[in-house]
Structure formats: C-alpha cells, structure tokens
Amino acid sequence: MRAGRHENPHVFPVLEIDLSTTPADQLGLYTNLIKHDIPETPTYRCPAPLDEAMTMMIKRLTIEVFHAVGALDVGRVIFGLTGTTASHTSWRSTRCLG
C-alpha cells in the first residue's frame, strides 16, 4: 500500500444528470455550454433513482477506478447509462474521498 492510500474510501451518493431536456445540438453530452451557460437545463437528481443493485455496482466500480488510477484524495467517476424508457443517455457521477 502506498502512503496516503485509503483501503476504504468514502463514496458519495450517485448523482444523475438527465440531459433529455438539453439542446439537441449538444448530442446528449454534458458539455461546457450546458455546465456553464445553461446549467438549469439538465435535471439533477441526488441520489440517482437507481435500484440498490445498480447503485452498489456503480459505487464498487467507482472504488475500483479510484484505486486503479492511483488516486489519493478525491476523484470523480462518470458513468453513461442509456435509459430504458427514453432514447437518451443519463450520466451518473459519484465522488470518492480517499
């Protein structure tokens, strides 16, 4: 174990960024325009409305990525999940504090 690496980092709740209401020319991506110029356009949900199994899988994968890249303090991992009832991608993001 490297100095400063936490074996049991804290994982924050999963945040959903629903881009279904954003301009079509942004192609379902969380772009700089959306983040800074029209931040009220997407729908943010925290915690994300996911079942327990999906939430636990995202949190587990977040910790695996955190360790795989050698993160020591704070990291954010973003997952793109295609909606089952809509033809758009919702982005799930969670932060890991080591």
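Here are some notes:
- Extension gain from E64 to T41, taking 0.36 nm per residue of separation minus the Cα-Cα distance: 5.1 nm
- Euclidean distance between Cα centres, region 54-72 to region 11-40, Å: 22 Å
- The label-point distance for D73 and M54, in a model that sets each label 7 Å from Cα toward Cβ, rounds to 3.3 nm.
- Per the Debye formula on identical point scatterers at the alpha carbon atoms of region 1-65, with no solvent, log10 I(q)/I(0) at q = 0.17, 0.24 Å⁻¹ is -0.75, -0.99.
No value in this document is a laboratory result; all are computed from the given coordinates. Given the structure is predicted, the values throughout are model-derived calculations rather than measurements. Note that each Cβ is placed from the backbone with ideal geometry, even for glycine, and that neighbours are counted across all protein chains shown.
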